[in-house]
1. Only one of Ser73, Ser120, Ser116 is out of contact with any Ser or Thr (no Cβ under 8 Å at 6 or more places or on another chain), within 16 Å of ligand 4 (Cβ to nearest atom) and of a type in the set (Ser, Thr, Tyr). Can you tell me which?
2. State which residue pairs qualify: first residue of a type in the set (A, V, I, L, M, F, W, C) and inside the range 16-27, second residue part of a helix (DSSP H, G or I) and surrounded by 10 or more Cβ atoms within 10 Å (Cβ to Cβ) in any location, beta carbons under 6 Å apart, and separation of 6 or more residues or different chains.
3. I'd like the full set of residues that are among the aliphatic types (A, V, I, L, M) and crowded, with 22+ Cβ neighbours inside 10 Å, limited to the range 177-205.
4. Return the residues of the range 191-212 that are out of contact with any Leu (no Cβ under 9 Å at 6 or more places or on another chain) and more than 13 Å from ligand 1 (Cβ to nearest atom); say none if nothing qualifies.
5. Among the residues of the range 206-229, which ones are in contact with a Gly (Cβ under 7 Å, 6 or more places away or on another chain) and open to solvent by less than 40 Å² (accessible area, probe 1.4 Å)?
6. With the condition being open to solvent by less than 50 Å² (accessible area, probe 1.4 Å), free of Cβ contacts under 8 Å to residues at least 60 places away in the same chain and within 30 Å of Glu273 (Cβ to Cβ), I'd like the helices (runs of 4 or more DSSP H) fully within the range 29-126 carrying at least 1 qualifying residues.
7. Sort out which residues of the range 217-229 are within 19 Å of Lys192 (Cβ to Cβ) and of a type in the set (A, V, I, L, M), and write them in order of number.
Amino acid sequence: HAKQKGGNTYCFNTDNQTNELERFYHIEQEITKALEQNQFSVVYQPLVNLKDSKIVGMEALLRWSTPTLGSVSPDEFIPILEQLGYINEVGKWVLHAACRQMKIWLDNGLELERISVNVSPVQFSCEHFLEKIKETLIETGLEACFLELEVTEGTILSIKESLKTLNELKSMGVKISIDDFGTGYSSLSYLKNLPISSLKIDKSFINDLDIDSEVIVNTIINLGKNLNFTVIAEGIENQAQLSYLQHQHCQLGQGYYFSKPVRAEEIPRIIKEYQVVSR
Ligand code: C2E
Ligand code: MG
Ligand code: MG
Ligand code: MG
């Protein structure tokens, strides 16, 4: 009986691996044509000031969908873009799209302070990275102070030149935020020398705010206060989480409770609704 069970399990695993491999090859094939076939798009998720519920910024999030695969999660396709060496090109495309959109919003009178764009370690370590940022700002006409780049702790710690790159970004006026904060392995003493402007508490700590997560969340909020970083909580899904974070004086938040990531066209309406609510 045990043997038969083992055999089944083995078969099951093999099938799974085959499916995974097939999917990987399928994605690999499709993604090389994605840019030229206009299959990428960018959605935007509001960043909210938790004190007065005003929308202060947006995070740009990449989306990919194809006729055969449907919509594929960035958690699945970004690593593949990195492996295939396409992330620099796609990353530049996202950056350009997001800066252009932000410029349009500002020109239309929307009161937004920042557009946040995620940056992969591969982009961050590319020797032309800073040039590409400068180029994009010039091409789109967006002022540097409106751009915030999101990098993870892993990115900063794994790249030798990262402090130099961060300092140059700062001198250009571009802001840096550490994404998924708390899941990496930052030594806290290292943090105080970093020219960054905000910490984003990883959504895993907000999702299940039990006693342990509360301790971690409070520690990050206090750390931000003491080191003068803005603290952003991601993944806020309900009123209880929001109330808790407000009570702890976390400055900014982001999550489905406020809004899912949406297409650019929907943003002016969402901002208008928020202005009405907060008044
Ligand atoms: P991230 O930068 O930490 O982005 C936050 C993720 O949490 C997004 O997932 C967002 O849709 C999701 N989220 C927001 N609010 C909630 C909530 O209340 N509950 C839950 N459960 N989730 C929420 P998404 O868009 O699937 O992106 C996943 C990750 O893919 C991002 O994590 C980021 O690391 C990466 N990514 C997305 N766009 C880009 C990009 O343009 N470039 C690079 N390099 N990475 C990107
Ligand atoms: Mg992010
Ligand atoms: Mg994050
Ligand atoms: Mg992430």
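1. Values: Ser120 fails: out of contact with any Ser or Thr (no Cβ under 8 Å at 6 or more places or on another chain); Ser116 fails: out of contact with any Ser or Thr (no Cβ under 8 Å at 6 or more places or on another chain).
On inspection, the qualifying residue turns out to be Ser73.
2. Ile27/Ile80
3. Within the range 177-205, the first condition is being among the aliphatic types (A, V, I, L, M), and the residues that meet it are 178, 188, 191, 194, 196, 199, 201.
Across the range 177-205, the qualifying residues are Ile178, Leu199, Ile201.
4. Ser197, Asp210, Ile211, Asp212, listed by residue number.
5. Residues of the range 206-229 in contact with a Gly (Cβ under 7 Å, 6 or more places away or on another chain): 206-207, 216, 220.
Scanning the range 206-229 gives Ile206, Ile220.
6. Numbers: elements: 74-84, 87-107, 121-124.
In the range 29-126, the matching helices (runs of 4 or more DSSP H) lie at 74-84, 87-107.
7. Correct list: Ile220, Ile221, Leu223, Leu227.
Listed here are the residues, each with its yes/no results for (1) under 21 Å from Thr230 (Cβ atoms); (2) hydrophobic (A, V, I, L, M, F, W, C); (3) under 14 Å from the mean Cα position of the chain (by Cα).
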| site | (1), (2), (3) |
| --- | --- |
| Val94 | no, yes, yes |
| Ala97 | no, yes, no |
| Glu131 | no, no, no |
| Glu135 | no, no, no |
| Thr140 | no, no, no |
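The values are calculated or read from the model by the stated rules, or taken from the named source; none is laboratory data. Quick caveat, the model's predicted, so the values are computed rather than measured. Counting neighbours? That spans all protein chains shown, and the Cβs are built from the backbone with ideal geometry, glycine included. When the accessible area is computed, the model is the full protein with side chains, heavy atoms only, and any ligands, DNA or RNA have been set aside. Shrake-Rupley method; radii C 1.70, N 1.55, O 1.52, S 1.80 Å.
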